[in-house]
Amino acid sequence: MSLATTANVTPQQNWLERLGAGHIILAIALVLYPLVASDFFLTQIGGYSLIFGMLGLSLMLLAGYGGMVSLAQITVAGIAAYAIAILGNNNSNILGFGWPWWLAVPFAVLAAALASALIGWISVRTEGIYTIMITLAIATATYYFAQQNYAIFNGHSGYTGIRAPAFWGIGWRDARPFYYLCLGLAVLSYAAVLYGSRSTFGMTLQAIRDNPRRMRALGYHVTAHKVFAWLLAGVIAGLAGVLLVWFNGRVSPGTIGVDAAIDVLIIAVIGGLRHPIGPFLGAVVVVLMQTFAIDIVGAERFNTLIGMVFLVIVFVSPDGILGLWGRIKPHLAQESLRPGQ
Amino acid sequence: MSLLEQPSSSSLSAGGMTRRQAWGLVGLVAAAVMVWLVFAVWPDWLNAILISKKAFVSAILNGITLAGLYFLVASGFTLIFGLMRNVNLAHGSLYLLGAYIGYEVTNHTGYWLLGVAAGFAVLAIIGVVMQVFVFRRLEGDDLRQTLVSIGISIVAADLMLAVWAGGTYQITTPEWLDGALTLPIITAVRSNGVSVFLTYPLYRVVVLAAAIVIGVGLWLMLNRTRVGMMIRAGVDDRAMLQASGVNVHAVFAVVFAVGAGLAGFAGVVGGSALSVAPGEDVRYLLASLVVVIVGGMGSITGAAIGALLIGLAEQIGLVYFPTYGIVLTFVIMVVTLAVRPQGIMGKAR
C-alpha cells in the first residue's frame with residue numbers, strides 16, 4: 001500500500017500525526033454533519049451513502065487488495081438482510097422467529113460472511129476475469145431463486161415490516177441515531193480495512209494479487225488467503241445488509257437484483273478501487289446523482305446518465321475519482337498516488 | 001489451479017482405454033434407458049413417480065429446444081471471450097435488441113424471415129462498431145473492457161426501455177411455422193386401446209434444427225476454413241498469430257460480427273417462441289455465463305454441451321421442483337467448477 005495518504009509513517013509519530021490531517025478533518029465534518037443537515041439529507045443522503053459505501057468497501061477490499069472483482073456483494077448483503085427478516089420479526093406472516101436484535105444481527109452477519117466465503121471458494125477456482133463472470137452468475141441465480149422460492153424468501157414480495165431495534169431509550173431508525181449508527185459502522189469497517197491492508201495478511205493478499213505463482217512457490221496457501229479475504233469482505237457486506245434492511249424496513253428480490261449488484265460495482269469504480277476511501281466517495285457521488293439527477297434528466301432516464309458517467313470514468317480515469325485526484329496531486333505535491341506498477 | 005488438475009489429467013491418461021470404455025458403457029446404458037423412457041409405454045408406477053409421461057417427455061423436449069436457443073446466444077459469447085479475452089456483459093442486451101428489431105421489421109414488412117435477417121445483420125454491424133470504437137481502444141485490459149461492457153448494457157437497457165417501454169411483445173411467426181407436429185411417441189393408451197401420440201409445436205422443432213445447423217456451420221467454419229484457422233490460432237496464442245502477419249483486428253471484427261449477429265438472430269428466434277420484454281437481457285446473459293462456465297471458454301462444442309445441460313436442468317426443474325429449479329443450474333455450475341475449473345471442454349491455461 002504505497003498510495004495511502006499516511007503510508008510512509010514512521011513509528012516515532014504520535015497517534016494524532018499517524019491519523020493524518022485529512023482523516024481528522026473528515027471525521028469532524030462527518031460528526032458535525034447532523035447539525036446542519038435536515039432529516040432527509042441525514043438518512044437518504046448520509047445514511048444511504050454510508051451503507052452503499054460499506055458495500056463498495058467490501059468490493060474494494062476484494063478488488064483492490066485481492067484483484068478479485070466481485071459482482072456478488074449485494075447478494076451477500078441481501079443474505080444478511082433476509083436473515084434479519086427471517087430470524088427477527090416481519091409483517092409477512094412467514095417464518096420470523098422473533099429473535100432479539102442482539103442475537104439476530106450476529107447470526108445474520110455470520111451467515112453473510114459464510115456465504116461470501118463460499119462464493120469466494122467457488123470463484124477462486126479460476127482466475128482473473130472469470131471471477132466477475134462467476135460472481136455475476138451467482139448474483140443473478142440468487143436473484144431468480146429469491147423470486148421463485150416462497151418457502152424461504154417469500155417470493156416476489158419478499159419481507160416487509162422489519163423494524164430497527166430500539167434500546168438505550170433510542171429508536172435507531174430515527175434520522176440522527178441511524179446516521180450515527182451508519183457512521184460508526186462505516187468508520188469501523190474503514191479503519192479495519194486500512195489497518196488490515198498493512199497487516200501481514202493484507203500484505204500477503206496484495207502479494208498474491210501481484211504474483212500468485214510466486215507466492216505459491218514461496219509456500220503460501222493462495223486459495224486460503226483469498227477465501228479469508230472473501231470472509232472479511234462478507235462481514236462488511238453483511239453489516240451493510242443489516243443496516244440496509246433496517247433502513248428500508250423491507251427486503252425483496254429487487255433489493256438483490258442485477259441492477260443493485262452493478263450499482264455497487266459502479267460506486268466502487270467511480271470512487272476508485274485503490275484506497276478504502278474511494279467507495280465512500282463514489283457512494284456520495286452516486287447517491288447525490290440518484291437524488292438530484294431526477295431534476296435534470298427526469299426519473300425515467302437516470303440509468304442512461306449514470307451509465308454514461310460510468311463509461312466516461314472507465315475510459316478517462318480507470319482509478320475513478322481518486323485517480324483523477326492522483327493526476328492533479330503531482331502538480332501540488334511531488335508524490336503521485338499511483339506510482340508505476 | 002494447476003496443482004489440482006494435474007492428478008486428474010494424469011490419471012486419465014494412465015487409465016487409458018479402460019476408463020474410456022467404462023464411460024462409454026455408462027453412456028450406452030444411459031442412452032438405452034433414455035430411449036426406453038421416451039418410446040415405451042410407461043407402467044403406472046413410473047407415471048406415479050414422474051407425474052406423467054407427457055410431462056416428462058415435454059420437459060425433455062422443451063429443455064432440448066431451449067438448449068438450442070441458449071446455444072445460439074452462448075456460442076457468440078464464448079467465441080468472443082475465447083479469442084479476445086473480452087467478457088462482453090452486454091451480450092444479453094444484444095439479444096434483446098435483436099428481438100426488438102426483429103419485432104419491428106416483422107411488423108412493418110410482414111415477412112418474418114426478413115425480421116430474422118435484420119436481427120442478425122443489424123446486430124452484426126453493431127458488434128463491429130462496438131469492437132472497433134470501444135473495445136479496440138482498451139485492448140489488453142480485460143477488466144476495463146468488462147466494465148465498459150457493463151456500462152453499455154446499463155445504457156442500452158435504459159434506452160430500449162425508453163423506445164419500447166415496459167410492455168411484452170410477441171413476434172408473429174409465419175403460418176407455415178405454426179401448428180403442431182405429431183411425434184411417434186406414445187404418451188398413453190386409452191381404455192379403448194387407442195394410443196395417444198405426443199404433439200409438439202413445429203416452431204420449436206425448427207428452432208432446434210436451426211441451432212443444430214448453425215452449430216455445425218460454426219464448427220465447419222472454425223475447423224475447415226482459413227478464417228476459422230486464424231480464429232483458433234488466436235484463441236491459443238494471439239501474439240503469435242499477430243507476429244505471423246495476420247491482421248488480428250480484422251479477425252476480431254469478424255468474430256465480433258458473428259457473435260453479436262448470432263445474439264441478434266437468437267433474439268428474433270427466441271422472441272417468436274417466447275416473448276420480448278425488459279429483463280430478458282439479464283436472463284439470457286445469465287444463461288450465456290453459465291453455459292460458457294460449464295462448457296468451457298472459447299469452445300463451440302463446450303457451448304453445445306453446456307447449453308444442453310442448462311436447458312434440460314431448467315426445464316426439468318420447472319416441472320418437478322418449480323420453486324427450487326434454479327438451484328439445479330447452480331449445482332451444475334458449482335460441480336463443474338469444483339471438478340474441472342476450466343469447464344468441460346475448456347483448455348487449461
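The condition (being under 21 Å from the mean Cα position of the chain (by Cα) and within 21 Å of residue A:316 (Cα to Cα)) is satisfied by just one residue among B:153, B:93, B:75: B:153.
Residues checked against (1) more than 18 Å from the chain's Cα centre (by Cα); (2) at pLDDT 85 or above; (3) crowded, with 24+ Cβ neighbours inside 10 Å:
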{"site": "A:199", "(1), (2), (3)": "yes, yes, no"}
{"site": "A:241", "(1), (2), (3)": "no, yes, yes"}
{"site": "A:272", "(1), (2), (3)": "no, no, yes"}
{"site": "A:291", "(1), (2), (3)": "yes, no, no"}
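Taking the conditions (1) surrounded by fewer than 19 Cβ atoms within 10 Å (Cβ to Cβ); (2) within 15 Å of the chain's Cα centre (by Cα) in turn, residue B:321 satisfies each one other than (2). Residues of segment B:294-308 that are open to solvent by 10 Å² or more (accessible area, probe 1.4 Å) and within 14 Å of chain A (Cβ to nearest Cβ): B:297, B:298. In the condition set (1) within 14 Å of another protein chain (Cβ to nearest Cβ); (2) within 30 Å of residue B:87 (Cα to Cα); (3) among the aliphatic types (A, V, I, L, M), residue A:94 is compliant with all but (2). Of everything in segment B:115-138 that's within 14 Å of chain A (Cβ to nearest Cβ) and open to solvent by less than 50 Å² (accessible area, probe 1.4 Å), which residue is farthest from residue B:265 (Cα to Cα)? In this case the residue turns out to be B:138.
Number of residues in segment B:309-335 that are away from chain A (no Cβ under 14 Å) and more than 16 Å from residue B:69 (Cβ to Cβ) equals 1.
You will find that of B:56, B:71, the residue that is at pLDDT below 90 and either open to solvent by 10 Å² or more (accessible area, probe 1.4 Å) or small (Gly, Ala, Ser) (or both) is B:56 and no other.
Inspect all residues belonging to segment B:218-229 and state whether any of them is open to solvent by less than 50 Å² (accessible area, probe 1.4 Å), part of a helix (DSSP H, G or I), closer than 30 Å to residue B:110 by Cβ and out of contact with any strand residue (DSSP E or B) (no Cβ under 9 Å at 6 or more places or on another chain). The answer is no; no qualifying residue exists.
With respect to the stated conditions, residue A:145 fails to be open to solvent by less than 50 Å² (accessible area, probe 1.4 Å) and either among the small types (Gly, Ala, Ser) or within 20 Å of residue A:240 (Cβ to Cβ) (or both). For segment A:87-108, which positions are crowded, with 24+ Cβ neighbours inside 10 Å and outside any loop (DSSP other than H, G, I, E, B)? A:108, the sole residue that qualifies. Only a single item in (1) crowded, with 24+ Cβ neighbours inside 10 Å; (2) under 30 Å from residue A:215 (Cα atoms); (3) within 12 Å of chain B (Cβ to nearest Cβ) is not met by residue A:67, and it is number (1).
Given the condition touching a residue at least 60 places away in the same chain (Cβ under 8 Å), surrounded by 14 or more Cβ atoms within 10 Å (Cβ to Cβ), of a type outside the set (Gly, Ala, Ser) and within 14 Å of another protein chain (Cβ to nearest Cβ), answer yes or no: does some residue in segment B:164-175 qualify? Yes; the residues of segment B:164-175 include at least one that is touching a residue at least 60 places away in the same chain (Cβ under 8 Å), surrounded by 14 or more Cβ atoms within 10 Å (Cβ to Cβ), of a type outside the set (Gly, Ala, Ser) and within 14 Å of another protein chain (Cβ to nearest Cβ). Each residue in segment B:42-96 was checked for being out of contact with any strand residue (DSSP E or B) (no Cβ under 8 Å at 6 or more places or on another chain) and either within 14 Å of chain A (Cβ to nearest Cβ) or among the aliphatic types (A, V, I, L, M) (or both), and 34 pass. Summed over segment B:250-297, the residues that are closer than 17 Å to residue B:337 by Cβ and not in a helix (DSSP H, G or I) give a count of 2.
The values are calculated or read from the model by the stated rules, or taken from the named source; none is laboratory data. Since this is a predicted model, take the numbers as computed values, not measurements. In this analysis, Cβ positions are derived from the backbone assuming ideal geometry, glycine residues included, and neighbour counts consider all displayed protein chains. Surface accessibility is based on the protein's heavy atoms, side chains included, excluding ligands, DNA and RNA. Shrake-Rupley method; radii C 1.70, N 1.55, O 1.52, S 1.80 Å.
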